[in-house]
Amino acid sequence: MSQLESETTNQFHQAIGAIRSTLERVRGCTAEERQQLQTDVQQLNAMYDKITQGRVEIVIFGEISTGKSALINALIGRDVASVDVQGGWTKEVWGTTWEGAGHRIHGIENSELVLVDTPGINEVGGVGRAELAEVTARKADLILFVVDSDINEVEYSSLVQLAAVNKPIILVLNKKDLYSPSELDLLRRQLQERVAGLVPTEQFVAVAAHPRQVEYVIERPDGSSQSEWRRPPADVIELKTRILEVLEREGLGLIALNAAMYAADKSDRIATVRVQMRKKNADRVIWGMAATKALVVALTPVPVIDVVSGLAIDATTIVTLSRIYGLNFSMAQSRELAKGIAKAAGVFALGELTNWGASLFKGLTATLGTALTIIPQGAAAGFSSYIIGRAAQHYFEHGGSWGPQSPKQVVKDILATTDRDSVMNHLKDEIRSKLNWNRHAGKK
Ligand SMILES: Nc1nc2c(ncn2[C@@H]2O[C@H](COP(=O)(O)OP(=O)(O)OP(=O)(O)O)[C@@H](O)[C@H]2O)c(=O)[nH]1
Ligand SMILES: [Mg+2]
């Protein structure tokens, strides 16, 4: 095995490893996250099958009516795809094995080539289909970009996008039977100039997938003549050779690179989905617990219970948050973390003092049942819970550590970026609504 071959084989195994470990990452997600990632898992499994079976996907891409489906028929040598003068004929992405190609990827038994037909990218009202074609092309190992004349704006921008994903592209000029040799020459030079930097010159091929019928005049022995319309045979041999050359040279490397890039993309997506869902869930827990604490403090007449139950609520918040972030803290650990955060913040900052002091005060005023005192006290306690929750969230987001900052600094930053009034107002509203007081009643 040459050095290049062994390098490629390595890349191939690394790509398989990358897909496996990406799938492994999903297994480490919560049930809710896994639910969200269902399609990604299916796609990753499909990619895994593709690479391990050595399936090379050649995607035919281009505008409507350029002859993409006809090209599949011509390459395969049988009419498997439906061809029509009507633009927008192909409406789905579909693939067919190209058995007659006679190509095998080195190192993989039973490898197969698949030709994938796509809907035209510029069909009127076919926006979804164009997107589907684009997504399919991005997954391709090799793209045949089909045009039937000089390139237009839509084609050019598609080509730019595809070239950016580093896929090998062969630019195919179809319907060459419609051009005279000099026109063809001119068109070839024009196209090569336009796509310079996007498609290398040698990756340009002119073909006739489904040439126009021509009239043949048949002379009979009796001197009479009859005319007949017949279709000349397709001319795609140069393209077939070019495709096989590319595959011969880099077949295994292509599918390996493709699978590795796919895994990396999915890995990013998993991370994003995870972060988003965790944030959303953490948000819900923090607000919910802050509101509960606000209410408990507002409603508990005995000062000591405020503090004890308050701490229990914060610890519960932390237990729940730790689960969201996959760290499963115990109640005791959570209580310690809550205390630690409160200490780092200093009682003043969090308004816990208000909580203590107000509890005594509330003992005196509870009988009056005045909303004037208990609502602000509850909200202040809820606010402290909110801040503790946010600080704990930061701690869990950093894998159960404070990261480069001190806990004091973290809490300080959280306080600086939190709109205290709006949090307090929100919590006051919560208390009022739970106590069944509307704004006006509450003011009485
Ligand atoms: N003259 C000529 N016409 C061709 C050639 N290849 C395809 N055509 C014609 O172009 C038209 C469109 O061909 P299709 O293969 O259906 O084109 P498509 O790109 O698949 O079109 P959509 O599925 O609608 O996007 C048909 O009328 C074909 O007969 C060719 O090499 N020469
Ligand atoms: Mg078609």
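The values are calculated or read from the model by the stated rules, or taken from the named source; none is laboratory data. Not measured: the values here are computed from a predicted model. All Cβ positions, even for glycine, are placed from backbone atoms using ideal geometry, and neighbour counts span all protein chains on display. The accessibility values were calculated without ligands, DNA or RNA, using every heavy atom of the protein model including side chains. Shrake-Rupley method; radii C 1.70, N 1.55, O 1.52, S 1.80 Å.
Taking the criterion of being modelled with pLDDT of 90 or more, open to solvent by less than 40 Å² (accessible area, probe 1.4 Å) and in a loop (DSSP other than H, G, I, E, B), the residues of segment 372-419 that qualify are Gly400, Thr418.
If you filter segment 203-255 down to residues that are over 24 Å from Ser65 (Cα atoms) and in contact with a Lys or Arg (Cβ under 8 Å, 6 or more places away or on another chain), you find that the one that is nearest to ligand 1 (Cβ to nearest atom) is Tyr216.
Among the residues of segment 75-132, those that are within 18 Å of Arg242 (Cα to Cα), over 31 Å from the mean Cα position of the chain (by Cα), more than 16 Å from ligand 2 (Cβ to nearest atom) and not charged (D, E, K, R) comprise Gly77, Gly100, Ala101, Gly102, His103, His106.
With the condition kept exactly as written, say whether any residue in segment 148-162 is in the same structural domain as Met47 (by TED's automatic domain parsing), within 12 Å of ligand 2 (Cβ to nearest atom) and closer than 30 Å to Ile51 by Cβ. No, the conditions are met nowhere in segment 148-162. Checking the conditions here, which among Val83, Val59 is touching a residue at least 60 places away in the same chain (Cβ under 8 Å), touching a strand residue (DSSP E or B) at 6+ places or on another chain (Cβ under 7 Å) and either within 16 Å of ligand 1 (Cβ to nearest atom) or not aliphatic (A, V, I, L, M) (or both)? Residue meeting the stated conditions: Val59. Filter segment 119-157 for residues that are open to solvent by 10 Å² or more (accessible area, probe 1.4 Å) and among the acidic types (Asp, Glu) and give the result. Scanning segment 119-157 gives Glu123, Glu131, Glu134, Asp148, Asp150, Glu153.
Residue by residue, here is whether (1) among the hydroxyl-bearing types (Ser, Thr, Tyr); (2) closer than 24 Å to Val236 by Cβ; (3) within 12 Å of ligand 1 (Cβ to nearest atom) holds:
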position	(1), (2), (3)
Trp98	no, yes, no
His103	no, yes, no
Asp117	no, yes, yes
Ile121	no, yes, yes
Gly128	no, no, no
Glu131	no, no, no
Glu134	no, no, no
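The lone criterion from (1) within 16 Å of ligand 1 (Cβ to nearest atom); (2) touching a residue at least 24 places away in the same chain (Cβ under 8 Å) left unmet by Thr52 is number (1).
Out of all the residues in segment 203-231, which are hydrophobic (A, V, I, L, M, F, W, C) and either open to solvent by 90 Å² or more (accessible area, probe 1.4 Å) or farther than 27 Å from Ile151 by Cβ (or both)?
Let us first name the residues in segment 203-231 that are hydrophobic (A, V, I, L, M, F, W, C), namely 204-209, 214, 217-218, 229.
If the condition is that a residue be hydrophobic (A, V, I, L, M, F, W, C) and either open to solvent by 90 Å² or more (accessible area, probe 1.4 Å) or farther than 27 Å from Ile151 by Cβ (or both), then Val214, Val217, Ile218, Trp229 are the ones that fit.
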